[in-house]
1. Counting only residues that are closer than 30 Å to Asn205 by Cα, give me the helices (runs of 4 or more DSSP H) lying completely in the range 40-107 with at least 1 of them.
2. Suppose we keep only residues that are within 23 Å of Leu222 (Cβ to Cβ) and not in a helix (DSSP H, G or I) within the range 235-280. Which one would you say is farthest from the chain's Cα centre (by Cα)?
3. Could you run through the range 85-122 and say how many residues are farther than 25 Å from Arg335 by Cα, at pLDDT 95 or above and not basic (Lys, Arg)?
4. Taking Ile234 as meeting all but one of (1) within 17 Å of Arg51 (Cβ to Cβ); (2) surrounded by fewer than 23 Cβ atoms within 10 Å (Cβ to Cβ), write down the number of the exception.
5. Within the range 124-137, identify whether any single residue is free of Cβ contacts under 8 Å to residues at least 60 places away in the same chain, within 28 Å of Gly328 (Cβ to Cβ) and acidic (Asp, Glu), and answer yes or no.
6. Go through the range 254-286 residue by residue and tally those that are without any contact (Cβ under 8 Å) to a residue 60 or more places away in the chain and not hydroxyl-bearing (Ser, Thr, Tyr).
7. Can you find a residue in the range 334-343 that is part of a helix (DSSP H, G or I), touching a residue at least 12 places away in the same chain (Cβ under 8 Å) and more than 19 Å from Glu109 (Cα to Cα)?
8. Please enumerate the residues belonging to the range 362-371 that are in contact with a helix residue (DSSP H, G or I) (Cβ under 7 Å, 6 or more places away or on another chain), part of a helix (DSSP H, G or I) and either at pLDDT below 95 or not polar (S, T, N, Q) (or both).
Amino acid sequence: MKIATMMICSFALASCATPPNLETNQSAGDQNQASAISRDVSQATQLIDDRWPASPDLLPTTDGEIYLGNLNSQIYVIQSNPALKQRMTFKVTLASLLYQRFQIEGRVEDAEAARDILEGAHSDPQFGPADHLVFAKILLGFHDFEAAQRHVDMAEAGGSPATSIAAARAALDRALHLPVKGRHRATGVSGNYVDAVQHAAELLNEGRLADASEELQRAQALYRDSSPFPLAWIHVQQGIAFLRYGEYEQARTFFAAAHERFPQYFLATEHLAETEGLLGNHQRSAQLYREVTAQNNQPGFWYGLAQAEAELGNVEAAEDAAQRASSGYADLLARYPLMYADHAVGYYLETSDPARALELATLNFEHRQDLMAHLALAEALMGNEQADKACEHVNAIRDAGYAPPEISLEGDLLACASD
């Protein structure tokens, strides 16, 4: 299984030779687990029908081009008006709009601009508690967790509602630590589609694909607005869930639905490109990768294009894309090592630089110890023939009560024997 950066973006990690301490003979327990996983996948697949994922005809939302055009217009109006740009309300609004565009199109420049606006504004007495929470969200995206924590603290001291503070602290906790198992069930599941997606993420990491899929289906039912972005996001999460289980046809169903609803959403395009390649549809994969690289120039997508072009026999195009991937990662890691370390682990494993992959996975793990950081470091350790150390991280995940597909599927690289 190639590890996906869950609920945000996935970058392919390398498969390696089976390490010496993996079980090669399937025991009765292994067979039972494999059967249980097969049933779970089947149940999740059976949920797919003409309402899941819902088409734009069934659940209409604003056309993606119109939605993004409106967003661009709002940004332009503020940026082109010097008087507005000097007012605190519009500074924070502009930063929020730019960061939303980053989340849709994936251009780092928008995230940088949003951060820089608030970096220059947050010391102003007019910068209020809600503004600190906006800044914390953006800093969290840059993996600047200490600064994000400071702004959450300032928001709390300034009188932000307890529910807003709790949500911000929960986001930080998810980014930094293995989650507390059963948190959503212990505190109750709300009628909020975002909470439903977060609950689904927890269920998926417990190895409960069908339950996670039902929760994502519930998230779709809870959404009642006109923006195409949240529905496309929900469908991408379901696609990622199937992708993590190696169920490429089902994954494509949801990525295609997200792409149809909101073709400007870069994660939908990128994941659809990835899945088409995994299904052997390299022409379509290359076409989609060309779209997304033109949109945001992210190196991981250039690497995906390089692979697709190579499969098509386009040697020069593959070499050009591969060079863009290499230089792009070098640039981003020089500027934002903590933000992109986890993303680059898989790239360096696949391009035969396991030492660099391990260096980045270690850096990432020193900075955060969430589930995906454990998985990325485990795979980097496997790639460096350090299976025993890798399995320490796998067992740490198991000890916390989790069984994500990356450590559970039969024959998977990280399916270490249980202690």
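The values are calculated or read from the model by the stated rules, or taken from the named source; none is laboratory data. Predicted model only: the values in this text are computed from it and were never measured. Cβ atoms come from the backbone with ideal geometry, glycine included; neighbour counts cover every protein chain shown.
1. Values: elements: 64-79, 82-85, 88-105.
Qualifying helices (runs of 4 or more DSSP H): 88-105.
2. Once the filter is applied, the top-ranked residue is Phe262.
3. Number of matching residues: 4.
4. Failed condition: (2).
5. no
6. Filtering the range 254-286 for residues without any contact (Cβ under 8 Å) to a residue 60 or more places away in the chain gives 255-256, 259, 268-269, 272-273, 275-286.
Among the residues that remain, those that are also not hydroxyl-bearing (Ser, Thr, Tyr) are: 255-256, 259, 268, 272-273, 276-284, 286.
Number satisfying all stated conditions: 16.
7. Looking only at the range 334-343, we keep the residues that are part of a helix (DSSP H, G or I), and these are 334-335, 337-343.
Now drop any that are not touching a residue at least 12 places away in the same chain (Cβ under 8 Å), which leaves 337-339, 341-343.
From what is left, the residues that are more than 19 Å from Glu109 (Cα to Cα) are 342.
Yes, there is a match, as at least one residue in the range 334-343 is part of a helix (DSSP H, G or I), touching a residue at least 12 places away in the same chain (Cβ under 8 Å) and more than 19 Å from Glu109 (Cα to Cα).
8. As a first pass, look at the range 362-371 and keep what is in contact with a helix residue (DSSP H, G or I) (Cβ under 7 Å, 6 or more places away or on another chain): 362-365, 367-371.
This time we only want the ones that are part of a helix (DSSP H, G or I), so: 362-365, 367, 371.
Result: Leu363, Phe365, His367, Leu371.
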